[in-house]
Amino acid sequence: MLFEKFLRKFYKRFWENRMFDKNVILFIDSIITIIAATAGCLLTLQIYKNISTITHYPTFWKFCLITFVFNFVFFLLFKTYKGIIRYSTIREFGRVLTALVLAYVCVFVSLFLWVEPSGTLSMVYSCLTLLCSLTGLYGFRIISVYLFQRLTKHYGENPTIPVLIWGLNEENIALAQLLNAGHNKYSVIGFLTCELKPKLKNIADLPVFEINNPQEIKTLAFDNLLFTNENELKKASDYVEKLLSLERRVYIAQELNINNVSQLAGIGHNIRSVQIENLLGRPEIQINMNSIGEQIHKKTILVTGAAGSIGRELVNQIARFAPRFVICLDIAETPLNDLDIELRKKFPALNFEVIIGNIYDSKKMEFIFQLFHPKIIYHCAAYKHVPLMERFPNEATTTNIFGTKLLVDLAIKYSVEMFVMISTDKAVNPTSIMGATKRIAEIYVQSAACDSAKNISNTKFITTRFGNVLGSNGSVIPLFKRQIEYGGPVTVTHPEITRFFMTIPEACRLVLEASVIGKSGYIYVFDMGEPIKIADLAKKMIELSGFVPEKDIKIEFTGLRPGEKLYEELLNDSEITEETPHKKIKMAKVRQYCFADILSQIDEIIELAKNNADRQLVQTMKNLVPEFISKNSDFELLDKDN
């Protein structure tokens, strides 16, 4: 009974809480080395001198000291002590072997030169001590692994989630062994693959299940499937769809490196349920970041709307390329404070400043340009909620149009190298105030590029246009998540409504890429794949949460909101595209506006917004953008009057 208590206490203290830190391991390895040196010396003396007492050999202490010093040095060089002993793998054993071999080569050379010139005794001693050290160090690690597994089985908490791992490769097999060997939330019960391997029924003492098509999944008795990377998940999208329809759970090992030992103690924390962002139905867009790094390195960057979803990710990506200074501008206090904390933690060497301010505050913006002289501007700040902007067209105009105009004018005045505006697919054939204001902002940026070219300005003006971003602030994803948490219903405006989607990181990467390859005065549109039905998105999210659509959680259709389209477009009928060096980025050839012609109209729109003359304001917008036809809005009457 007392022994049982001791083992339980020993497990809790030394294994579950990982009390064997790197210093303790280094100390134990050093003691093992000293013991090995003593054993090696005794064996050597027995062979050559037939002396049973080591004190009869006066150079023994020199042998031990030289052995200890070289072993200690190579332990430090190869960091043999940094691995988590209870998770020792072939890589750790290989590192120990390399360190020992090199150490004992140095021991032999040192003994031969300074202690025992004949070399025979030194060679025998070095080989015997190497074998003793190897036995001791390997034995320590093997016993540690064995004890941890045995103690975990008897005194650790039982794994709560049994999973099958998708696919057969070295990474998956290593992950299975680590999960089953350690104290984790997950236990692996086998492998599932659609790549048929005849006669392979068992690997790593776990069964292998082979299937030919998604329909066969229902014949297998399991509830949870684990993917080790996102690419495999997307390749197996048909199987994932079937799993979700059968009310089974899907997990993914997030950014897991099996060879990174520091991850292994908390390996279960790197596994999470699959999110809707993982099920875009197409491979994630990747770009070469080297050219972007050359453009950003040692430059002063201004990001407006830096606390928003796109702005925040842009700042994080920019920070990786060692800019000279980053100005993070936003009006939202709490998100900006969160960004400040995040950047100080993730990028302690980054030189940056967060600034609270409105982009239409002319004095504040002038002060920022005078103080920092930014060389590149990423303009993300905008009002974007379509129904809300239908009620407040003056606010949408002030921020989206006047704010953009002010920044463009200052960019020219202070010789900014590049101005990149983030636009939206809602600017194409706009049906809402928000879309119209973004289209007018596009027009001003584009016409300013033409005008600045005539006036020999070096500022390059680029506009990027893309659709909805998965998980961004105010998007349907957070809304659906909240509705599912509350037990439903999940509200969708129309059964046939579709949207283009991409993830926040890939949207920002494409913005950065467009800024490298882009020509001044052009609008760049992103290939976002096929549009996705919002109703299908809602169904998937309900299934991912472990519920059955219409049974556990209802989907309700509420009707299109003011200004909302049924389908979004990235180009209008009169726009065509040209290829760019990046296959996912197209250059749109749009109608050219003369700066002098549109300047007075835009100034009139801004003045009407200041005076809250909503009806006249919207009518003037429609005059400037003839394709602006209101939908589900009080301003439809203006279209009928025309």
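Would you check if there is a residue in the stretch 465-481 being open to solvent by 10 Å² or more (accessible area, probe 1.4 Å) and either under 22 Å from Lys610 (Cβ atoms) or modelled with pLDDT of 85 or more (or both)?
no
Six or more apart or on different chains, Cβ atoms under 7 Å: show the pairs whose first residue is in the stretch 543-560 and touching a residue at least 12 places away in the same chain (Cβ under 8 Å) and whose second is in a strand (DSSP E or B) and loosely packed, with under 15 Cβ neighbours inside 10 Å.
Going by the 7 Å Cβ cut-off, the qualifying pairs are Leu544/Ser273.
Within the stretch 244-255, is even one residue of a type outside the set (D, E, K, R), modelled with pLDDT under 75 and touching a strand residue (DSSP E or B) at 6+ places or on another chain (Cβ under 8 Å)?
Within the stretch 244-255, the first condition is being of a type outside the set (D, E, K, R), and the residues that meet it are 244-246, 250-254.
Adding the requirement that they be modelled with pLDDT under 75 leaves 244-246, 254.
Subsequent filtering for residues that are touching a strand residue (DSSP E or B) at 6+ places or on another chain (Cβ under 8 Å) retains 244, 254.
Looking for residues that are of a type outside the set (D, E, K, R), modelled with pLDDT under 75 and touching a strand residue (DSSP E or B) at 6+ places or on another chain (Cβ under 8 Å), one finds at least one in the stretch 244-255, hence yes.
Go through the stretch 64-99 and give me each residue that's modelled with pLDDT under 75 and open to solvent by less than 20 Å² (accessible area, probe 1.4 Å).
Of everything in the stretch 64-99, those that are modelled with pLDDT under 75 and open to solvent by less than 20 Å² (accessible area, probe 1.4 Å) turn out to be Thr80, Gly83, Ile84, Ile85, Tyr87, Glu92.
Hey, any hits in the stretch 219-239 for a residue that's out of contact with any Asp or Glu (no Cβ under 7 Å at 6 or more places or on another chain), open to solvent by 60 Å² or more (accessible area, probe 1.4 Å), among the small types (Gly, Ala, Ser) and modelled with pLDDT under 75?
Yes: one or more hits.
Say whether the condition of being open to solvent by 40 Å² or more (accessible area, probe 1.4 Å), assigned to a helix (DSSP H, G or I) and within 30 Å of Ser633 (Cα to Cα) is met by at least one residue in the stretch 320-331.
Within the stretch 320-331 (the criterion being open to solvent by 40 Å² or more (accessible area, probe 1.4 Å), assigned to a helix (DSSP H, G or I) and within 30 Å of Ser633 (Cα to Cα)), the answer is no, since none of the residues qualifies.
Could you tell me how many of the residues in the stretch 309-335 are under 20 Å from the mean Cα position of the chain (by Cα) and more than 12 Å from Cys508 (Cα to Cα)? Steps first, answer last, please.
Step one: of the stretch 309-335, the residues under 20 Å from the mean Cα position of the chain (by Cα) are 309-322, 335.
So of that shortlist, the ones also more than 12 Å from Cys508 (Cα to Cα) come out as 319-322, 335.
The number of residues fulfilling the criteria is 5.
What residue, among those in the stretch 583-632 that are among the hydroxyl-bearing types (Ser, Thr, Tyr) and modelled with pLDDT of 85 or more, is surrounded by the fewest Cβ atoms within 10 Å (Cβ to Cβ)?
Here the answer is Ser600.
Within the bounds of the stretch 485-494, is there any residue that is open to solvent by less than 20 Å² (accessible area, probe 1.4 Å) and at pLDDT below 80?
no
Taking the stretch 341-361, which residues are open to solvent by 30 Å² or more (accessible area, probe 1.4 Å) and more than 25 Å from Asp409 (Cβ to Cβ)? Reasoning before the result, please.
Step one: filter the stretch 341-361 for residues open to solvent by 30 Å² or more (accessible area, probe 1.4 Å), giving 341-342, 344-349, 351, 353-354, 356, 358, 360-361.
Within the stretch 341-361, Ile341, Glu342, Arg344, Lys345, Lys346, Phe347, Pro348, Ala349, Asn351 qualify.
The values are calculated or read from the model by the stated rules, or taken from the named source; none is laboratory data. All values reported here derive from a predicted model rather than from experimental measurement. Cβ atoms come from the backbone with ideal geometry, glycine included; neighbour counts cover every protein chain shown. What goes into the accessible areas is simple: the full protein's heavy atoms, side chains included, and nothing from ligands, DNA or RNA. Shrake-Rupley method; radii C 1.70, N 1.55, O 1.52, S 1.80 Å.
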